[in-house]
Amino acid sequence: MTTLRRPIRRRCASAESGRRRRLVVTLYPGDVIAFREHRGRTEWSASLEAVYQAVVRWNVDAARAERRAARRAQH
């Protein structure tokens, strides 16, 4: 792996549903990820650890809801 020494910016391939503009994602040294709209100035950032924990939680909650719905469908 290569150590991140300078910011890397990438524009998303398509616009988010309901949005006019595409998103720009920036990875900063120090394990920070930031999002903004293309040609927008306002940037929202979070630590990669916080984003990782949120994504794991979303997936665990979705799996639990799916299992719960399957159990309810059996009865």
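The values are calculated or read from the model by the stated rules, or taken from the named source; none is laboratory data. In this text the structure is predicted, and so the values were computed from the model without any measurement. Here the Cβ is made from the backbone with ideal geometry for all residues, glycine too, and neighbour counts use every protein chain on show.
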Q) Just for the range 43-66: of the residues that are in a helix (DSSP H, G or I) and of a type in the set (Gly, Ala, Ser), which one is farthest from Leu4 (Cα to Cα)? A) Ala65
Q.
So, in the range 21-75, how many residues would count as being surrounded by 14 or more Cβ atoms within 10 Å (Cβ to Cβ) and aromatic (Phe, Trp, Tyr)?
A. 2
Q. All but one of (1) basic (Lys, Arg); (2) modelled with pLDDT of 95 or more; (3) touching a strand residue (DSSP E or B) at 6+ places or on another chain (Cβ under 9 Å) hold for Arg19; which doesn't?
A. (2)
**Q.** Hey, Gly40 on the phi > 0 side of the Ramachandran plot, not in a helix (DSSP H, G or I) and not charged (D, E, K, R) or not
**A.** no
Q. Looking at the range 11-20, which of its residues are surrounded by 10 or more Cβ atoms within 10 Å (Cβ to Cβ) and over 17 Å from the mean Cα position of the chain (by Cα)?
A. none
Q) Just to be sure, is Ile8 of a type in the set (Val, Ile, Thr), touching a helix residue (DSSP H, G or I) at 6+ places or on another chain (Cβ under 8 Å) and surrounded by 11 or more Cβ atoms within 10 Å (Cβ to Cβ)? A) no
Q) How many residues are within 21 Å of Arg5 (Cβ to Cβ) and assigned to a strand (DSSP E or B) if we restrict to the range 20-34? A) 8
